[in-house]
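A quick write-up on the structure given underneath.
The values are calculated or read from the model by the stated rules, or taken from the named source; none is laboratory data. None of the values given here were measured: they were computed from a predicted structure. Neighbour counts run over all protein chains shown; Cβ positions are idealised from the backbone, glycine included.
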Amino acid sequence: MSVHENEKSEERRIISRFKNSQGDVTDLIDLPVNCTVEQLTLICNAILQQEENVPYLFFVDDQEIKSTLGDVINADKFNTENVLDIVYQQQAIFRVRAVSRCTSSLPGHAEAVISVNFSPNGRYLASGSGDTTVRFWDINTQTPEFVCKSHTNWVLCIAWSPDSKKLASACKDGKICVWDPTSGKIAGPVLSGHRQWVTGLAWEPYHSNTKCIHLASSSKDGSVRIWDVVRGLTVFSLTAHNKSVTCIKWGGAGLIYTGSQDRTIKVWRAADGVLCRTLEGHAHWVNTLALSTDYVLRTGPFNPGVEYNTNSVESEEIALKRYKDACPDGQERLVSGSDDFTLFLWHPEKQKTPIARLTGHQQLVNDVKFSPDASIIASASFDKSIKLWHGSTGKFIGSLRGHVQAVYVIAWSADSRLLVSGSADSTLKVWNVRNKKIELDLPGHADEVFAVDWSPTGLQVASGGKDKVLKLWAH
């Protein structure tokens, strides 16, 4: 490029405006093409009259501006009548550091560890195993705390209530138990009714009921049950699926979503158990579901680093505000992953037709998760890869490759910058999502890794698998 042309491109300016995810726009502003991210941040803060300098990410047509405005647009195609929308998104207030070492290996389980979960407030850690027990672990001392025995068969799934005061566990015999994490004792009656094993558990969101007394379960027997855990009763039994129900989500708008081996996803009204609609499109079993609001529904009134009194009216308002903030267009999105190698992105509250069909995996999709800020979907597959997709459009972003066997499970860091994956190759890997590279390789397990969770506080990752050992990882 000649000096003359270089000067000309630096002089070129574009009429622009800043726009947020809700669609609110600022006044028009005249920007040079070589405007940097730092300059955009200063200008955006000034226009929005922020008291402190807030860090933002900027996008044009879903493409992130990483250095200058000119990198993502063809300036030649713009004339003075065009207006360029620059979408701004606030960066996470706190940053999670990549876990880099195993701080402790916790033996105790006598069979494979099938599930591990941190509580929403980040204070407790629980695991479920093929040895029929649920175990609670002391995060501070990294030692075993309680061994809970009531199940008579493999514990297949566990789920924390959004107030962190109860943990539900379900087993291969179809029984569901609710535990008190402070004592390790069973809290209420055993929930019996399913004729075959329970495949998934989902609590009613905190902003819908702060008492956390309703739990939904899906089962291989083809039914979905909504329970009152205090009275130990089935409130509704939902039976429209004609094959095993594989996964369940309780959304923030009063809807329950279930995926099944009958290839459909059903949308139920939680208040009365009415079937609202059936989402069709998958050619094989639906294995996994994720909601764009999963992170805020999981953590309810708890925000990392902020203490709340969860008995107050204020905490319900906090949980509701966090939910509404996570639904900028007024509704949550659902993504489904299947044995047919594809994913579908849905607006399940209103539409039966998918927003997008996500193709590219070469084998079945085993796990799918929205990032906490809902901007990215990550999917894990038996094809040894993890794929990243745009959270609103489903557009393909890139592949994360490095595992040498099937990827079973993935978990996001609370700031949406990092992803951890567990694989049949016995390793965990931490990925930097922005540059799509491995940040850290974490060997240490002696066999396949079945379960991974990243604490909502961002400080620790827990993993478990076929080697019967629970491992904690930190920076």
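So which strands (runs of 3 or more DSSP E) stay within the stretch 161-238 end to end and still have 2 or more residues that are surrounded by 20 or more Cβ atoms within 10 Å (Cβ to Cβ), touching a strand residue (DSSP E or B) at 6+ places or on another chain (Cβ under 7 Å) and among the β-branched types (Val, Ile, Thr)?
Output list reads 176-179, 198-203, 224-228.
Across the stretch 254-282, what is the number of residues that are in a loop (DSSP other than H, G, I, E, B), of a type in the set (D, E, K, R) and out of contact with any Phe, Trp or Tyr (no Cβ under 8 Å at 6 or more places or on another chain)?
So the answer is 2.
Go through Asn74, Asn153, Asn140, Asn121 for me and flag whichever is of a type outside the set (A, V, I, L, M, F, W, C), free of Cβ contacts under 8 Å to residues at least 12 places away in the same chain and assigned by TED's automatic domain parsing to the domain that holds Val296.
Asn140 is the lone residue from the list that is of a type outside the set (A, V, I, L, M, F, W, C), free of Cβ contacts under 8 Å to residues at least 12 places away in the same chain and assigned by TED's automatic domain parsing to the domain that holds Val296.
Out of all the residues in the stretch 308-350, which are in contact (Cβ under 8 Å) with a residue 24 or more places away in the chain, over 30 Å from Ser385 (Cβ atoms) and aromatic (Phe, Trp, Tyr)?
Tyr323
Of the residues Asn242, Asn287, which is assigned by TED's automatic domain parsing to the domain that holds Lys175 and not in a loop (DSSP other than H, G, I, E, B)?
Exactly one of Asn242, Asn287 is assigned by TED's automatic domain parsing to the domain that holds Lys175 and not in a loop (DSSP other than H, G, I, E, B), namely Asn287.
I'm checking my understanding of the structure. Among residues of the stretch 73-97 that are modelled with pLDDT of 85 or more and among the β-branched types (Val, Ile, Thr), which one is surrounded by the fewest Cβ atoms within 10 Å (Cβ to Cβ)?
Going through the qualifying residues, I end up with Val83.
If I go through the stretch 125-144 residue by residue, how many of them are modelled with pLDDT of 95 or more and either under 13 Å from Ala168 (Cα atoms) or part of a strand (DSSP E or B) (or both)?
Matching residues across the stretch 125-144 total 10.
Quick one: in the stretch 410-437, which of the residues that are touching a Phe, Trp or Tyr at 6+ places or on another chain (Cβ under 8 Å) and farther than 18 Å from Val96 by Cβ is surrounded by the most Cβ atoms within 10 Å (Cβ to Cβ)?
Only one residue fits best here, namely Ser423.
Within the stretch 351-367, can you find the residues that are touching a residue at least 60 places away in the same chain (Cβ under 8 Å), in contact with a Leu (Cβ under 8 Å, 6 or more places away or on another chain) and part of a strand (DSSP E or B)?
Correct list: Arg357, Val365.
Search the stretch 292-303 for residues that are assigned to a loop (DSSP other than H, G, I, E, B) and pair each with any residue that is of a type in the set (Gly, Ala, Ser) when their beta-carbon atoms are under 6 Å apart and the residues are at least 6 apart or on different chains.
Ser292/Ala374; Thr293/Gly252; Thr293/Ala326; Gly300/Ala319; Pro301/Ser315; Pro301/Ala319
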